[in-house]
Amino acid sequence: MRVNWLNKSIIYLILNTTIASQLLYPGQLYAQDRFTNQPPPLGVSEPPLIRRLPIILPDLGDASSGDLSTLDEKKIGERIMREIRKDSEYSNNWLLYDYLNRLGKELVNSARQQKISGAEPTGPFSPQFEFFGVVSSSVNAFALPGGYIGMHTGLIVLAGNESELASVLGHEIGHVTQKHIARGAGQGSSSSVLMLASLLVAALAVKSNPGMAQGLAIGGQALAIQNQLFYSREAEREADRVGFQILQASGYDVAGMPGFFQKLQRSTGLMDSGVPAYVRTHPLTVERIADMQDRARFQEVKKLPQSQEFYLMQSIAKLEQQGSPSILPNTMQYFEVQAQAKEPLKSMQGYYGLALSAIKEKRGNDAEFYLKKAKDLAMQLSASGAPFLKTNVIFEVTQAQIAIVKNNFQQAIDSANLALKMNPNSKAAGVVLVESLLAAGKVKEATDWLVLKTKYQKDDAIWWNFLAQGYALQNQSSLYHAAIAEKYVCEGALPAAIEQLRIAREESTGNFYQLSELDARKRQLESLYREDIRENGRPPQRP
């Protein structure tokens with residue numbers, strides 16, 4: 001099996017921390033698209049792969065000079081995320097992505113209203129939060145430099161309610177706002193770099209080789225000086241307190257935090273000794289649980305309506321982490337049992353899981369039947385006070401996915417548009433709309449929508465990839481290569497992007513203005529490339 005690139009890089013870092021700024025990426029540029037897992041359409045071939053230059057982590061400078069700077073945090077986080085997004089365990093289920101970002105940003109907004117230090121919406125110390133799923137049955141969550149927060153599907157499945165899930169997100173937000181990684185990297189010795197390396201390994205460990213990641217996490221902490229381990233526990237307590245404050249301000253049940261801690265304790269049977277998944281990077285102690293219980297005891301007990309959205313996301317997470325297709329029958333059996341439950345929420349969850357399973361097997365009629373069952377139960381629950389609008393967006397996106405399976409592309413377009421009307425920011429709705437339009441042969445309509453989308457969301461590779469497909473289907477070669485160039489920019493592959501712009505100019509039949517735009521963009525990327533090299537201590541090279 002492929003070993004995660006970061007694990008390899010961190011091994012190298014641990015062996016020789018003096019050359020941390022020269023980590024090499026062991027892979028190659030993917031000609032196949034990460035998001036659709038398909039090559040370019042209509043026989044349009046990818047350009048020849050150019051020489052792959054090393055992906056370099058920013059020079060962290062002298063550890064004695066102070067904490068990791070905000071700019072370094074941002075750069076490190078961005079570069080790690082570029083690789084995570086290529087990994088097979090990065091969840092590209094956009095309904096789950098929408099949910100985590102809706103929930104996470106709701107918590108961030110509460111932190112800002114509470115004027116929690118480090119949560120400022122603008123300014124040099126303001127992280128740009130992004131939340132994403134990791135397809136793994138392990139119970140874990142982690143925060144990366146720059147505000148990127150990952151949530152394992154196993155943790156979503158284990159959580160008993162949305163307040164428990166929100167408590168984990170709040171805790172991770174606390175790590176970001178209090179700059180724990182930056183502060184840890186500035187403690188003044190090379191062992192702090194080892195701690196940062198160990199944290200990243202433990203956070204990003206893939207289930208294909210968990211033993212190696214756990215071993216590195218233990219080894220890194222063993223090499224760290226005593227006050228570093230103490231700081232780690234202090235950081236956990238600080239993140240608990242900040243997370244608790246955020247949870248309370250957001251209107252969630254604060255009992256969710258100690259409740260989830262206790263659930264972790266019961267599920268692992270391990271506390272300070274041993275390294276269960278979440279505890280590996282978040283030292284769990286009796287003191288922490290008692291502290292949160294004491295805080296919750298003095299708060300008003302809240303009887304919140306159960307979140308339908310949360311239960312549907314659990315079905316998605318359960319199906320996402322099944323791994324081998326041979327396990328699908330077992331997962332479907334689990335959903336069948338859930339569907340027969342007397343509790344309407346559990347029954348809704350089961351039917352929705354069966355609908356997703358049927359989509360996976362291209363059984364459109366069965367999927368439609370199960371989705372209707374789930375939707376009817378959701379409407380009954382809404383009559384008793386549970387919110388329905390957010391859930392309805394999920395159902396419309398799923399209906400569009402079913403319609404695509406059944407080759408009913410107009411229905412898919414209608415459902416996707418309805419979902420976007422209810423939530424214009426839904427990435428899942430946008431993706432399924434573009435897929436529906438392209439499948440229906442409405443390529444011009446799809447590209448027009450994508451041109452507008454890429455004006456406002458320039459940093460998301462998925463829209464540029466779709467736009468490139470649209471241009472390829474219309475035999476607009478120059479525009480295709482220009483769109484592929486922007487996709488590579490999003491992925492941090494500047495040399496490849498520059499090469500694509502060169503090809504785009506050669507194949508352009510446009511006017512002087514269009515050629516000038518291509519030239520200007522190419523010069524801009526060349527300048528960024530040289531600047532990137534200079535920042536990392538290497539002499540300028542021609543791309």
* Structure fact -> Going through (1) part of a helix (DSSP H, G or I); (2) of a type in the set (Gly, Ala, Ser); (3) within 30 Å of residue 251 (Cα to Cα) one by one, residue 326 fails only at (3)
* Being among the aromatic types (Phe, Trp, Tyr) and touching a Phe, Trp or Tyr at 6+ places or on another chain (Cβ under 8 Å) is the filter; apply it to the stretch 85-98 and report the residue that is surrounded by the fewest Cβ atoms within 10 Å (Cβ to Cβ). => 90
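Laboratory data are not the source of any read-out in this text; all were calculated from the coordinates shown. If you're wondering where the values come from, they're calculated on a predicted model, not measured in any experiment. FYI the Cβ positions are ideal-geometry reconstructions off the backbone, even for glycines, and counts take in every protein chain you see.
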